[in-house]
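Novice: Mind looking over this structure? Questions follow.
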Amino acid sequence: MHVSHLSLADFRSYARAEVPLDPGVTAFVGPNGQGKTNLVEAIGYLATLASHRVSADAPLVRMGADRAVIRAAVTEGERQQLVELELNPGRANRARINRSSQVRPRDVLGIVRTVLFAPEDLALVKGDPGERRRFLDELVTARSPRMAAVRSDYERVLKQRNTLLKSAAMARRHGGRSMDLSTLDVWDQHLARTGAELLAQRLGLIATLLPLADKAYEQLAPGGGPLGIAYKSSAAAEAVGEAGVADGTGAGSGAAADGGGAPTREALYEVLLGALADVRKQEIERGVTLVGPHRDDMTLRLGDLPAKGYASHGESWSYALALRLASYELLRSEGGEPVLILDDVFAELDARRRERLAELVAPGEQVLVTAAVDDDVPGVLVGTRFAVSGGEVTRL
């Protein structure tokens with residue numbers, strides 16, 4: 001699969017942009033601040049319905065415009081599709097496929113598949129758990145686009161449940177009459193059901209991803225591993241009364257990552273439901289949901305030590321790259337090679353890692369690279385070059 005044409009209207013710095021793209025390697029070269037990353041960010045948005053740089057859509061719309069449009073022609077074998085997203089901050093976004101009548105934005109998921117590595121990915125190793133949860137959930141959705149609806153349902157139920165808990169907490173603090181919390185049982189069931197589905201997908205993903213990531217790290221940094229990846233479940237920890245210390249040994253946490261039998265969705269449902277019951281008193285006091293996939297983490301180890309806090313800067317970069325390369329190999333093995341995007345990556349790597357990475361990605365069906373200067377693009381990545389300057393994209 002590859003993107004054969006990208007069109008932008010009022011997206012980031014571009015009032016208009018028309019960029020024809022070829023299979024193979026394409027490099028966008030130009031000084032920082034000229035709009036290189038904006039181009040690959042738009043393609044990444046089509047694949048995930050999110051930016052890798054900001055959490056809201058408003059910054060994606062050009063100053064003075066009220067909406068932005070991303071449109072891409074996508075070729076997969078003999079099949080061609082045109083996918084379009086209209087970003088409307090403060091209002092619902094809109095989507096079209098093949099210029100047909102409007103569809104839901106999440107219906108475009110799966111048409112464009114990308115694996116994007118950028119400097120922000122260092123947070124996968126060094127950052128907060130939310131970065132790692134996002135990594136897992138975006139990859140889960142790339143493998144199975146229907147999971148977008150499950151994630152949306154979970155977030156909706158979580159929001160409703162938190163609203164009820166917050167109201168109950170406020171009533172207690174102000175000495176008011178106790179609220180009727182009979183509906184909390186219903187919300188618990190909904191949260192546990194959607195949470196179990198999300199949790200099962202994350203566990204299955206980690207089990208599959210670990211050997212691929214370990215192999216990729218060995219290719220980037222020979223002799224530097226092995227890697228260890230486990231799932232840290234707030235629900236499993238709470239179920240055994242050890243909040244915050246589950247490290248892959250509890251129910252629903254590490255068995256799948258270590259190659260053991262993965263728990264069933266029904267078993268995970270029961271674990272989540274039981275954990276919610278165990279912490280209900282604390283939740284009512286604090287006014288927030290304390291257990292569930294939204295509070296989980298993916299723990300990363302390098303050798304015998306946690307990667308976070310112990311890995312060097314170079315090791316952390318290699319670990320983050322290994323996770324992305326593993327994602328690429330996983331999606332590739334499951335059909336439909338994704339577009340591989342390397343956004344300003346090579347300037348951050350030493351010469352050895354730069355050459356190894358270039359050799360690994362060069363055979364990809366479509367590889368998009370951004371760089372400040374042409375010398376940052378390794379020689380093995382021969383292909384199309386675009387100069388990006390002052391909002392103009394010029395093929396060289």
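Novice: Name the one entry in 301, 324, 356, 332 that is modelled with pLDDT of 95 or more and open to solvent by 50 Å² or more (accessible area, probe 1.4 Å).
Specialist: Result of the check over 301, 324, 356, 332: 301.
Novice: Separate question: Going by the conditions given, is residue 106 over 20 Å from residue 12 (Cα atoms), among the charged types (D, E, K, R) and touching a helix residue (DSSP H, G or I) at 6+ places or on another chain (Cβ under 6 Å)?
Specialist: In short, yes.
Novice: Can you list the helices (runs of 4 or more DSSP H) found entirely within segment 277-396 that contain at least 2 residues being within 30 Å of residue 76 (Cα to Cα), touching a residue at least 24 places away in the same chain (Cβ under 8 Å) and within 25 Å of the chain's Cα centre (by Cα)?
Specialist: 313-333, 351-361
Novice: Check whether at least one residue in segment 120-142 is within 18 Å of the chain's Cα centre (by Cα), farther than 30 Å from residue 311 by Cβ and among the hydroxyl-bearing types (Ser, Thr, Tyr), and report yes or no. Spell out how you get there, then give the answer.
Specialist: Step one: of segment 120-142, the residues within 18 Å of the chain's Cα centre (by Cα) are 120-142.
Pick out the ones that are also farther than 30 Å from residue 311 by Cβ and you get none.
No.
Novice: Only one residue in 224, 252, 261, 274 is out of contact with any Gly (no Cβ under 7 Å at 6 or more places or on another chain) and modelled with pLDDT under 50. Which one?
Specialist: Unique residue meeting the criteria: 252.
Novice: Within segment 100-108, does at least one residue satisfy the condition of being open to solvent by 30 Å² or more (accessible area, probe 1.4 Å), at pLDDT 95 or above and either under 17 Å from residue 6 (Cα atoms) or among the basic types (Lys, Arg) (or both)?
Specialist: So far as segment 100-108 goes, no, none of its residues is open to solvent by 30 Å² or more (accessible area, probe 1.4 Å), at pLDDT 95 or above and either under 17 Å from residue 6 (Cα atoms) or among the basic types (Lys, Arg) (or both).
Novice: Yes or no: residue 86 of a type in the set (Asp, Glu), closer than 30 Å to residue 312 by Cβ and either open to solvent by less than 30 Å² (accessible area, probe 1.4 Å) or out of contact with any strand residue (DSSP E or B) (no Cβ under 7 Å at 6 or more places or on another chain) (or both)?
Specialist: Spelling it out, it is not the case that residue 86 is of a type in the set (Asp, Glu), closer than 30 Å to residue 312 by Cβ and either open to solvent by less than 30 Å² (accessible area, probe 1.4 Å) or out of contact with any strand residue (DSSP E or B) (no Cβ under 7 Å at 6 or more places or on another chain) (or both).
Novice: Specify which of the listed residues (393, 369, 345) is among the β-branched types (Val, Ile, Thr), surrounded by 18 or more Cβ atoms within 10 Å (Cβ to Cβ) and closer than 12 Å to residue 25 by Cβ.
Specialist: 369
Here's the yes/no breakdown for (1) open to solvent by less than 60 Å² (accessible area, probe 1.4 Å); (2) hydrophobic (A, V, I, L, M, F, W, C); (3) touching a Phe, Trp or Tyr at 6+ places or on another chain (Cβ under 9 Å); (4) outside any helix (DSSP H, G or I):
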position	(1), (2), (3), (4)
39	yes, yes, yes, no
44	yes, no, no, no
50	yes, yes, no, yes
53	no, no, no, yes
56	yes, yes, no, yes
64	no, no, no, yes
69	yes, yes, yes, yes
75	yes, no, no, yes
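Novice: So which of 209, 198, 136, 165 ends up being farther than 30 Å from residue 335 by Cβ and either at pLDDT 95 or above or crowded, with 16+ Cβ neighbours inside 10 Å (or both)?
Specialist: Working: 209 fails: farther than 30 Å from residue 335 by Cβ; 198 fails: farther than 30 Å from residue 335 by Cβ; 136 fails: farther than 30 Å from residue 335 by Cβ.
Answer to the selection: 165.
Novice: Related question: Are there any pairs, at least 6 apart or on different chains, whose C-beta atoms fall under 8 Å, with the first in segment 153-167 and over 14 Å from residue 197 (Cβ atoms) and among the hydrophobic types (A, V, I, L, M, F, W, C) and the second open to solvent by 10 Å² or more (accessible area, probe 1.4 Å) and part of a helix (DSSP H, G or I), and if so, which?
Specialist: 164/187; 165/284; 165/286
The values are calculated or read from the model by the stated rules, or taken from the named source; none is laboratory data. Since the structure is predicted, the reported quantities are computational estimates derived from the model, not experimental observations. Ideal geometry is used to build each Cβ from the backbone, glycine not excepted, and the neighbour counts take in all protein chains shown. Areas reflect the complete protein model, heavy atoms only, side chains present, ligands, DNA and RNA absent. Shrake-Rupley method; radii C 1.70, N 1.55, O 1.52, S 1.80 Å.
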